[in-house]
Amino acid sequence: MSMKNSAILGEALISMRSTGLRTFLTMLGIIIGVGSVVLMLAIGRGVEISVRDSIASQGANLFIILSGSTTASGIRTGSGGAATLTVGDAQELAGLPGVVAVSPNVAGISQIVNEGQNWSTQVRGATADFFIIRDWTVSAGALFDDGAERAAAPVAVIGATVAENLFLSDEDPVGRTIRIKNIPFQVVGVLEKKGQSVDGQDQDDTIVVPLTTAQRRLFGSPFPGAVRVIFVQAASEEAMKGLDEKIREVLRLRHRLGENQDDDFTVRDLTAIGQTIQESTQAIALLLGSIAAISLVVGGIGIMNIMLVSVTERTREIGVRKAIGARERDILLQFLIESVILSLGGGLIGLLLGGGLSMLIGSIFNLPTEVSLFSVTLSFVVAAGIGVFFGYYPARQAARLQPIEALRYQ
Amino acid sequence: MSQPIIQVSRVDKSYGTMAPVLRQVSMTVMPGEFLAIMGPSGSGKSTFMNILGCLDRADRGEYVLGGEDTTDLTPDRAADLRNRMLGFVFQGFNLLQRRSALDNVALPMICAGLPRSQWDPRARELLDKVGLSAKYHSRPNQLSGGQQQRVAIARALAMEPPVILADEPTGNLDSVSSSEIMRIIRSLNADQGITTILVTHEPDIAAQAKRLVKFKDGRIVYDGPVTEAGMSA
Ligand SMILES: Nc1ncnc2c1ncn2[C@@H]1O[C@H](COP(=O)(O)OP(=O)(O)O)[C@@H](O)[C@H]1O
Ligand SMILES: [Mg+2]
């Protein structure tokens, strides 16, 4: 002989109907708290996916060696500033254990012309291994091979953005001749679309020609075989460990750098850069997380406060209920359900708000944000937990009221 | 001879350090009795009714309700006793605002865990019985005092309790409503044999009972038939 749970739920819902705005204001802290948690998780996930994808698009297990680093006086000339690397360096690095592919590159911005169309873009001179390292294939035509490299053939593989800008959509660029710095090149292939890189650059806005062709015909060379960049791909993540140190040793030896001379090159590890980006994202997430935590506590206290007010306001009602036979458990549950509904309602609105905001931010910053099942579950568990935790004390106060005291109230 | 339904023996009650409100009160009520309690204001009538209603507890003495000693009741057991054994009618009605008459009458049955299929027809039947067939869905603030008190009586009857406790049920009502309420209470006792204990200030209302108990300064000073002598005791 005790009140049915469904009946208690009904009583709680009816009691709450009458206090619309107050109910909403009480939910605000939970709304903001849960909203921030959802947003934080969605953005964190989005950044993680986007960083991982763009690092993968740069090539897996990759070291990028840039020529030029510091002068004797310690002033940085900026990576790639002075050509200090050579094709010979690249060939020697290819012999290191754990290295699977090496591609020396030169690059420069050039004006490209196709009949009436003009486009200014980065032209890269690279060995054929470049395409292996980048895991890049063509959507039309073919890549150039080592033969074209040896012959310094005037051939070019163009990126999707370049193709869009130099050719009409119904034209096939393959086999056509374009002019780079007024020198005719035959387009042999169009590269598959890659999208943006980690730093937000359009990777498809590029043209790749054989390294030898670029050195001899396009950019010239301060000394024979000079290159700006060498890409070194390791066999695995495992193989990358310590490889950067070996690369430095080899290059310092080849460049005849004395013990107190700085490197004249820079070895970059994209995975490390990705980690840095993720770490800073995590710092932002942590900030958002602490806002969320504070908000949730404030929200919980708000719920506790409003429930205490509600218990006081309804003291007489509690007395009547007790007089006609409501047990302590019935009263406790009724108030507890009210506070859980408050916090769950706040959680639901927060979830929708956080989800909506993360979609908005995702579309503005081109991030693949997603609200996972985990964050949905987390919001509901946290919200319900807050409702129970902060609602328990007021509910117990209500349940423990002496019937006679409650009836005499006011 | 059957068992007494209410047996109070030498009950004391005081609040804090003030003079005792009830002193050595004893009273025995048999099933089916109709009893009026009178006495000056502050003489302890309501305090006594609250103890009878298991809403409050005596400091000393014994109270047996329907054969059950109420001295050491847990709060939940007291709630069950109130639900099954007692129907309350208060001076101030004590209906839940913002709830329909039907909901108010249903509340004791909902507390007892009855399903809607049982409480809904029963609540309608009770409201019909007190003449409120047209007011199922009215809120208390849409009803007159007399109508509200009738809802309260219907609520008190919901669990078919053997005892009705009414503390000045007509205290807030005009004479027309008052006699209507008394007609209903009389018939509960006469037709259904419900033991009825009623506190009142008005001699003509007390005169409708079959037994009179008079309080003065926390003591029972008269317990007997309703007579002129008893009233003025
Ligand atoms: N909760 C309480 N605290 C202190 N004094 C009380 C309380 N309830 C009643 N009293 C006192 O007890 C006495 C009897 O009150 P009550 O039983 O309400 O009298 P009656 O109903 O006969 O008018 C009064 O003096 C009243 O002030
Ligand atoms: Mg009184």
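The values are calculated or read from the model by the stated rules, or taken from the named source; none is laboratory data. These figures come from a predicted structure and were not determined experimentally. Every residue, glycine among them, receives a Cβ derived from its backbone with ideal geometry; neighbour counts consider all protein chains shown. The protein model used for the area step is the full one, side chains on, heavy atoms only, and it has no ligands, DNA or RNA in it. Shrake-Rupley method; radii C 1.70, N 1.55, O 1.52, S 1.80 Å.
Rolling a 1.4 angstrom probe over segment A:83-263 with all protein chains present gives an accessible area of which 47% lies on carbon and sulfur atoms. Using a 1.4 Å probe over protein heavy atoms, the accessible area lost on pairing A with B, summed over both chains, comes to approximately 2400 Å².
Measuring with a 1.4 angstrom probe and ignoring ligands and nucleic acids, B:Lys129 comes out at about 120 Å² accessible.
Shielding by partners for peptide B:105-117, expressed as the average number of C-beta atoms from other protein chains within 10 Å of each residue's C-beta, is 5. Spacing of the modelled spin labels on B:Asp72 and A:Phe389, each 7 Å from Cα toward Cβ, amounts to 4.0 nm. Straight-line cross-link partners of A:Lys241 among the lysines, defined as a Cα under 28 Å from its Cα and at least 8 positions apart when in the same chain: A:Lys194. For the protein assembly as shown, the solvent-accessible area with a 1.4 angstrom probe is 46 square angstrom per residue. Put simply, the C-alpha atoms of the protein assembly as shown give a gyration tensor, and the ellipsoid matching it has half-axes of 95, 25, 17 Å, longest first.
Pop out the carbon and sulfur fraction of the accessible area of chain B as a percent, whole number, probe 1.4 Å. Within chain B, the accessible surface is 48 percent carbon and sulfur.
Dividing the mean sequence gap of close Cα pairs (under 8 Å, 6+ apart) by how many residues segment A:83-263 holds gives a relative contact order of 32 percent. Residues A:Phe144, A:Phe365 ordered from highest to lowest accessible area at a 1.4 Å probe: A:Phe365, A:Phe144. For the set A:Glu92, A:Glu149, A:Glu171, A:Glu237, solvent exposure ranked by accessible area (probe 1.4 Å, protein chains only) runs largest to smallest as A:Glu237, A:Glu92, A:Glu171, A:Glu149.
Taking every Cα-Cα distance in segment A:83-263 and sorting them into 10 Å bins starting at zero, the pair-distance distribution P(r) comes out as 9, 35, 33, 16, 5, 0 percent.
Can you give the net charge of the other residues whose Cβ lies under 12 Å from the Cβ of B:Ile184, counting K and R as +1 and D and E as -1? Its environment carries a net charge of +2.
The mean count of C-beta atoms from other chains within 10 Å of the C-beta of residues in B:84-94, rounded to a whole number, is 2. Under the combined filter of DSSP loop state and at most 15 neighbouring Cβ atoms within 10 Å, segment B:11-108 retains these trypsin sites (Lys or Arg not before Pro): B:Arg98. Look at the alpha carbon pairs under 8 Å that are at least 6 residues apart: their mean separation over the length of chain B gives a relative contact order of 28 percent. Amide H to amide H distances under 5 Å link B:Ser138 with B:Ala101, B:Leu102, where only residues 5 or more positions off or on other chains count and H is placed in the peptide plane.
Counting Cβ atoms of other protein chains within 10 Å of each residue's Cβ and taking the mean over peptide B:70-81 gives 3. Applying the criteria of a DSSP loop state and at most 13 other Cβ atoms within 10 Å to the chymotrypsin sites (Phe, Trp or Tyr not before Pro) of segment B:82-158 yields no site. First select every other residue whose beta carbon is under 13 angstrom from the beta carbon of B:Arg23; then total the charges, Lys and Arg +1, Asp and Glu -1. Local charge sum for B:Arg23: +2. Centre-to-centre, using Cα atoms only, segment B:113-162 and segment A:260-294 are separated by 70 Å. From most to least packed by mean Cβ count within 10 Å, the peptides A:394-402, A:340-348 give A:340-348, A:394-402. The alpha carbon gyration tensor of segment B:104-169 gives principal lengths a ≥ b ≥ c with a/c of 1.5 or higher and a/b no greater than b/c, which makes the shape oblate. Accessible surface comparison of A:His255, B:His137, probe 1.4 Å, protein chains only, largest first: the order is B:His137, A:His255.
Basic side chains Lys and Arg get +1 at the Cβ, acidic Asp and Glu get -1 at the Cβ, and with that the dipole of chain A about its Cα centre reaches some 1680 debye. Buried on complex formation within segment A:370-410 (loss of at least 10 square angstrom of accessible surface versus the isolated chain, 1.4 Å probe, ligands and nucleic acids ignored): A:Pro403, A:Ile404, A:Leu407, A:Arg408. Annotation: A:Phe380 carries an accessible surface of approximately 70 Å², with a 1.4 Å probe and no ligand, DNA or RNA atoms counted.
Shown for chain B: lysine pairs separated by 8 or more places, or found on different chains, whose C-alpha atoms are under 19 Å apart, numbering 6.
In this view, the solvent-accessible surface of A:Asp264, computed with a 1.4 Å probe and all protein chains in place, comes to about 30 Å².
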